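The values are calculated or read from the model by the stated rules, or taken from the named source; none is laboratory data. Keep in mind that what you see is a predicted model, and the values were worked out from it rather than measured. Glycine gets a Cβ as well: all are built from the backbone with ideal geometry, and neighbour counts include every protein chain shown. The protein model used for the area step is the full one, side chains on, heavy atoms only, and it has no ligands, DNA or RNA in it. Shrake-Rupley method; radii C 1.70, N 1.55, O 1.52, S 1.80 Å.
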Amino acid sequence: MSAKPLTDLSQLCIHTITTKPWPIETAATRFSEAGVGGITVWRDALAGRNIRATGQLLRDENLTIVSLCRGGFFSHSEVSGRQAAIDDNRKAIDEAAELGAPHVVLVCGAVPGQPLTESRKQIRDGIAAVLDHAEAAGVKVAIEPLHPMYADNRSAVNTLGQANDMAEELASLWVGVAVDVYHLWWDPTLEQEIARCGKNGNLTAFHICDWKTPTTDFLNDRGLMGEGCINVRQIRGWAEAAGFNGFNEVEIFSTTYWSGDQIVFLEKIKHAYLNNS
Ligand code: ZN
């Protein structure tokens, strides 16, 4: 069953990378003025800033801090690389705690030429190694499966089924799963895997945008909801049927939109959210 249309922006969250040309302070003011309910912060947006003070600034703008993006990249051919990733993920968890974000999204990693099974084992072990730290900080980590076109170097976790398997194997209150329609819309088992994810208490985040035809860049040509072939409202309905009632996070990497007026883009996001999500 499809979800009911959204009638207000209270559950709308926008990622800082979506309006990348704006410094986080500008994004916070603009989002708040537009009535947007939440913000997900990318770590690069925090560069050179006091993280605690930035978190306070966002809350002062009445924005809910939904998550910190991103940790992960646990796969490496060398032990030293895997240890460096674990250290960096502990740091990301600390940053989320300082900011006041309840979870860190994980782009899990992959090594070109290394079997995906081996990468997934390294990812699982890497996540397991940071769980004590996550618990102590009170910050969850959320496994985000990525579209298989990124299986070479970004993530060996490519289906929601694989993410669910891993989260269930780790069996921790501090591990969840992030569902991104861009990565998962094509999967014939998506409805049942979303249901499984919710049933097991792992559905932590929901990311939306659209898949344009043709897609001219594998990374930076994401579309606004309604510009492509993803039935966002149907997938949102599956997430809500699985018990999800959190924010709908607009995460768009687009050289086209980044090169335009961000105020106009924000209006388009609001329109697409209310009409096509
Ligand atoms: Zn995402």
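Out of the residues in the stretch 174-202 that are assigned to a helix (DSSP H, G or I) and of a type in the set (D, E, K, R), state the one that is surrounded by the most Cβ atoms within 10 Å (Cβ to Cβ). Talk me through it step by step, then tell me what you get.
The initial filter retains those residues of the stretch 174-202 that are assigned to a helix (DSSP H, G or I), namely 181-184, 190-199.
In the following step, the residues that additionally are of a type in the set (D, E, K, R) were identified as 191, 193, 196, 199.
Working: 191: 16, 193: 24, 196: 20, 199: 12.
Taking the candidates together, the pick is 193.
Of the residues 221, 261, which single one is in contact (Cβ under 8 Å) with a residue 12 or more places away in the chain and not basic (Lys, Arg)? Break it down into steps so the answer makes sense when it comes.
On the way: 261 fails: in contact (Cβ under 8 Å) with a residue 12 or more places away in the chain.
Answer to the check: 221.
I'm trying to understand the selection: among the residues of the stretch 113-124, which are out of contact with any Phe, Trp or Tyr (no Cβ under 7 Å at 6 or more places or on another chain), assigned to a helix (DSSP H, G or I) and surrounded by 13 or more Cβ atoms within 10 Å (Cβ to Cβ)?
Initial filter on the stretch 113-124 (out of contact with any Phe, Trp or Tyr (no Cβ under 7 Å at 6 or more places or on another chain)): 113-121, 124.
In the following step, the residues that additionally are assigned to a helix (DSSP H, G or I) were identified as 116-121, 124.
Answer for the stretch 113-124, where residues must be out of contact with any Phe, Trp or Tyr (no Cβ under 7 Å at 6 or more places or on another chain), assigned to a helix (DSSP H, G or I) and surrounded by 13 or more Cβ atoms within 10 Å (Cβ to Cβ): 116, 118, 119, 120, 121, 124.
Please specify each residue of the stretch 135-161 satisfying the condition of being buried (at least 24 other Cβ atoms within 10 Å of the Cβ) and away from the ligand (no atom under 16 Å from the Cβ).
139, 156
Going residue by residue through the stretch 234-255, is there one that turns out to be within 16 Å of the ligand (Cβ to nearest atom) and free of Cβ contacts under 8 Å to residues at least 40 places away in the same chain?
Here is the first cut: in the stretch 234-255, the ones within 16 Å of the ligand (Cβ to nearest atom) are 235-236, 239, 244, 246-254.
From what is left, the residues that are free of Cβ contacts under 8 Å to residues at least 40 places away in the same chain are 254.
Scanning the stretch 234-255 turns up at least one residue that is within 16 Å of the ligand (Cβ to nearest atom) and free of Cβ contacts under 8 Å to residues at least 40 places away in the same chain.
Given the criterion hydrophobic (A, V, I, L, M, F, W, C) and more than 16 Å from the ligand (Cβ to nearest atom), identify the matching residue among 274, 190, 224, 184.
On the way: 190 fails: more than 16 Å from the ligand (Cβ to nearest atom); 224 fails: more than 16 Å from the ligand (Cβ to nearest atom); 184 fails: more than 16 Å from the ligand (Cβ to nearest atom).
Residue meeting the stated conditions: 274.
Filtering the stretch 94-112 down to residues that are of a type outside the set (A, V, I, L, M) and surrounded by fewer than 23 Cβ atoms within 10 Å (Cβ to Cβ), which residue is farthest from residue 133 (Cα to Cα)? Give the steps one after another, and end with the answer.
Residues of the stretch 94-112 that are of a type outside the set (A, V, I, L, M), as a first pass: 94-95, 98, 100, 102-103, 108-109, 112.
Applying the additional criterion that residues be surrounded by fewer than 23 Cβ atoms within 10 Å (Cβ to Cβ) yields 94-95, 98, 100, 102, 112.
Details: 94: 9, 95: 12, 98: 14, 100: 16, 102: 14, 112: 29 Å.
Only one residue fits best here, namely 112.
Yes/no matrix, rows are residues, columns are (1) in contact with a strand residue (DSSP E or B) (Cβ under 8 Å, 6 or more places away or on another chain); (2) part of a helix (DSSP H, G or I):
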residue: 53; (1), (2): no, yes
residue: 62; (1), (2): no, no
residue: 67; (1), (2): yes, no
residue: 76; (1), (2): yes, no
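Open to solvent by less than 40 Å² (accessible area, probe 1.4 Å), within 14 Å of the ligand (Cβ to nearest atom) and at pLDDT 95 or above: is that true of residue 209 in this structure? Full working, then the answer.
Working: open to solvent by less than 40 Å² (accessible area, probe 1.4 Å): yes; within 14 Å of the ligand (Cβ to nearest atom): yes; at pLDDT 95 or above: yes.
Considered against the rule, which asks whether it is open to solvent by less than 40 Å² (accessible area, probe 1.4 Å), within 14 Å of the ligand (Cβ to nearest atom) and at pLDDT 95 or above, residue 209 comes out as yes.
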